[in-house]
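Take a look at the structure below.
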Amino acid sequence: MAQIVTSQRGPVTGTATAKKKRRPFLLDLYSTAVGKKYVMGATGIAMMGFVLFHMIGNLKMYAGAADLDHYAHFLQTLLYPLAPKGWVLWILRGGLITMLFLHLHAAYSLTVMNRHARPVKYQSKRDYQIANFASRTMRMSGLVILAFLVWHLADLTFGVVNSEVGKMIAHPGDDEPVKAVYASIVYSFQRTPVALFYVFANVLLGIHLFHGAWSIFQSFGWNNPRFNTWRRAFATGFAAIVVVGNVSFPIAVMAGVVG
């Protein structure tokens, strides 16, 4: 008689493997190089808009102290009395800081990803016709701009290094005093090293903006060679407008045009 061999199955002690929980779509997208480029492009556009309108608002300095001080007061009282004074402005600042953080994180992450993708260094010099001066100095200019932003906040927002910040002044016809923003700017730029730092930082900001404005189209896949001339004109024009406007403020104070 044939012997029937049966295998004994041991007791089941394990549990079924749980399905891996999927991350939210936006986090999943951000984990890719394409997603990081989208974030850099979107935050770059938002910050470019802020830089432009910030410069345009500051042009009121040439209209006199009353105009600039009242413009600053308007920003401080956005949506008042629906919201307490200063709250909306700080919400906007918080959003700007968040975008700056995302921009920096995306840039750093892309750099790390690129290094891992090509661990072997180039055996010859890079093609500098493709990697032009603006693109090669993005990290250096970005660090200087970040340092400038910290100083700018300490100087003209928090008054850590500017004794005029926070002082109040009453202009003719005012119902109540407003902050003397004009006086604090003049005091800041009357210090020659500070004024020169502002000029230097804004020149680097222009270089950064030029490459950023050019790269935004590539980040979103809008880099058809047929539009390269238009892209370069836009990047050059935008950067030039911001630099000329911002650099004019310390120069005007040092030259005695404003004071």
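Tell me, yes or no, whether the stretch 52-74 has at least one residue that is out of contact with any Lys or Arg (no Cβ under 8 Å at 6 or more places or on another chain), under 30 Å from Ala255 (Cβ atoms) and of a type in the set (S, T, N, Q). Give the derivation first.
The initial filter retains those residues of the stretch 52-74 that are out of contact with any Lys or Arg (no Cβ under 8 Å at 6 or more places or on another chain), namely 52-66, 70, 74.
Next cut, under 30 Å from Ala255 (Cβ atoms) only: 52-66, 70, 74.
From the residues that got through so far, the ones that are of a type in the set (S, T, N, Q) too are 58.
Yes, the stretch 52-74 contains at least one residue that is out of contact with any Lys or Arg (no Cβ under 8 Å at 6 or more places or on another chain), under 30 Å from Ala255 (Cβ atoms) and of a type in the set (S, T, N, Q).
Can you say whether Gly206 is buried (at least 17 other Cβ atoms within 10 Å of the Cβ), under 17 Å from the mean Cα position of the chain (by Cα), modelled with pLDDT of 85 or more and under 24 Å from Val186 (Cβ atoms), as far as the supplied structure shows?
Details: buried (at least 17 other Cβ atoms within 10 Å of the Cβ): yes; under 17 Å from the mean Cα position of the chain (by Cα): yes; modelled with pLDDT of 85 or more: yes; under 24 Å from Val186 (Cβ atoms): yes.
Yes; evaluated as a whole, the condition is true for this residue.
Assess whether Arg232 counts as being more than 24 Å from the chain's Cα centre (by Cα), assigned to a helix (DSSP H, G or I) and at pLDDT below 95. No; evaluated as a whole, the condition is false for this residue. Residues in the stretch 160-191 that are small (Gly, Ala, Ser), in a loop (DSSP other than H, G, I, E, B) and either within 16 Å of Ala63 (Cβ to Cβ) or within 32 Å of the chain's Cα centre (by Cα) (or both): Ser163, Gly166, Gly173, Ala180.
In the stretch 205-229, the qualifying residues are those that are outside any helix (DSSP H, G or I) and touching a Phe, Trp or Tyr at 6+ places or on another chain (Cβ under 9 Å), and the one that is farthest from Arg139 (Cα to Cα) is Asn224.
Checking each residue in the stretch 209-236 for being farther than 21 Å from Met55 by Cβ, of a type outside the set (S, T, N, Q) and surrounded by fewer than 16 Cβ atoms within 10 Å (Cβ to Cβ) picks out Phe220, Gly221, Trp222, Pro225, Arg226, Phe227, Trp230, Arg232. Taking the condition buried (at least 16 other Cβ atoms within 10 Å of the Cβ), basic (Lys, Arg) and at pLDDT 95 or above, does Arg191 pass? Answer is yes for this residue.
Pick from Gly237, Gly259: which is out of contact with any Asp or Glu (no Cβ under 9 Å at 6 or more places or on another chain), among the small types (Gly, Ala, Ser) and closer than 21 Å to His70 by Cβ? Don't jump to the end; show me each part of the working.
Numbers: Gly237 fails: closer than 21 Å to His70 by Cβ.
Step by step, each of Gly237, Gly259 is checked, and only Gly259 is out of contact with any Asp or Glu (no Cβ under 9 Å at 6 or more places or on another chain), among the small types (Gly, Ala, Ser) and closer than 21 Å to His70 by Cβ.
The values are calculated or read from the model by the stated rules, or taken from the named source; none is laboratory data. Quick caveat: nothing in here was measured; it's all calculated off a predicted structure. All Cβ positions, even for glycine, are placed from backbone atoms using ideal geometry, and neighbour counts span all protein chains on display.
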